[in-house]
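I have placed the structure first, in the form of structure tokens, so that the comments after it can refer back to it.
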Amino acid sequence: MLALASSACVSLTPYQRVRQEVPPERFVRVGGQWVHVEQWGSGEPVVLLHGFGGSTYSWRLAGPELGRQYRAIAIDLNGFGWTERLREPEAYTLQGQARLVLGVLDALGIERVHLAGHSYGGGLALWLASAHPERVASLILVDSTLPTYSTQRRRAWAGLRPVVALGLRTVLLREAFIRRGLKRSVYDQSLITDEVVREYLRRLRVEGATDAYRGLTARVKTPPPVVDLTAIRQPTLIIWGLQDALLASAYGSRAAEKIPGATFVGIDRCGHLPMEERPEEFLAALRGFLARHPLAAGAP
């Protein structure tokens, strides 16, 4: 059985090839690591953090449009997209991801930003707003998890390297698995084309995937990070697909009730990926919020 599974394994793209094929201006150096960053436009910086399994590709529709008025900055987090995979498990914790984001901002010479996060990236954005309020001027949560979400999903078996490697190459990084996951994430399944599946998948099939998946999903000894929603002081916008089958919109509306002054916007006929499925409605809500909360308004 193992021999049969191994014969069906997928291949991973060497990171050297990634660096050769992706334009060099899309990388910044953070502590010896190459981090992939896409930017559009100029003006007040709006940082975009993708969800679990996503990448800067997740912002391909919203980023360029947002760049007409702002400096939109999408970052590939540790374990995703074209960012170099590290071996150290700590890089894939919430704190490790936060250091990557802050390192990118430092490398770009940016002090304060509007910070938007989708799903897993939303949990990270929320934690950054709480732990580093001096860097976050306003907060946008999109079908977002809480910081404890990634910790709750960690499993003992994910610490076993051979098991993870086999699972990635025979199941988790197969086209059928990614297609099913994306179709569960949208209301209109016709949007999940062969091209979309291919682009999501190839940004996951990168050298170091085993280290990344172990770091993201294996159990850790550190206690889960906690954020007191009532203590968030940044202006906050919560955008949610009303037909989200992965994270019900009730989570978003309840969070909006706890975060002081938060605004909740539900998008109808939309699943877990508003910035991809309903980009016009998503951008209308985001632009209106940013216009009401300019960066010059001061720190929270």
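The values are calculated or read from the model by the stated rules, or taken from the named source; none is laboratory data. Since this is a predicted model, take the numbers as computed values, not measurements. Neighbour counts run over all protein chains shown; Cβ positions are idealised from the backbone, glycine included. In case anyone asks, the SASA skips ligands and DNA or RNA and just uses the protein heavy atoms, side chains included. Shrake-Rupley method; radii C 1.70, N 1.55, O 1.52, S 1.80 Å.
For this structure, a couple of remarks:
- Rounded if a/c under 1.5, otherwise prolate or oblate - region 185-300, Cα gyration tensor axes: oblate
- Label point of residue 11 set 7 angstrom out along Cα-Cβ; within region 169-183, amide nitrogens under 19 Å from it belong to 169-176.
- Of the trypsin sites (Lys or Arg not before Pro) found in region 189-234, those that fall in a DSSP loop while having at most 12 other beta-carbon atoms within 10 Å are 219, 221.
- Computed from Cα positions, the angle between helix 249-258 and the longest principal axis of the chain comes to roughly 40 degrees.
- Only helices enter this figure: runs of n ≥ 4 DSSP H residues, each worth -39500 (n - 2.57), summed and divided by the residues of the chain, yield -10500 deg cm²/dmol at 222 nm to the nearest 500.
- Once the mean of 1/r is taken over each pair of separate Cα atoms and inverted, the chain shows a Kirkwood hydrodynamic radius of 19.4 Å.
- Whole-percent carbon and sulfur share, accessible surface of the chain, 1.4 Å: 53 percent
- In the chain, the longest principal axis of the Cα atoms and the axis of helix 94-108 are about 70 degrees apart.
- Summed over the residues of the chain and divided among them, the accessible surface reaches 45 Å² per residue at a probe radius of 1.4 Å.
- Taking 119, 11, 249 as the candidate residues, the one with maximal mean-square fluctuation in a Gaussian network model of the chain, Cα springs under 10 Å, is 11.
- Under the combined filter of DSSP loop state and at most 11 neighbouring Cβ atoms within 10 Å, region 37-81 retains none of its chymotrypsin sites (Phe, Trp or Tyr not before Pro).
- The overall shape of region 177-241 is oblate: from the C-alpha gyration tensor, with semi-axes ordered a ≥ b ≥ c, the ratio a/c is 1.5 or greater and a/b is no larger than b/c.
- On full extension, the segment bounded by residue 90 and residue 165 gains 25.1 nm, given 0.36 nm per residue less the C-alpha separation.
- By the compact-protein rule of thumb, 2.2 N^0.38 Å, the alpha-carbon radius of gyration of region 65-135 corresponds to a ratio of 1.11.
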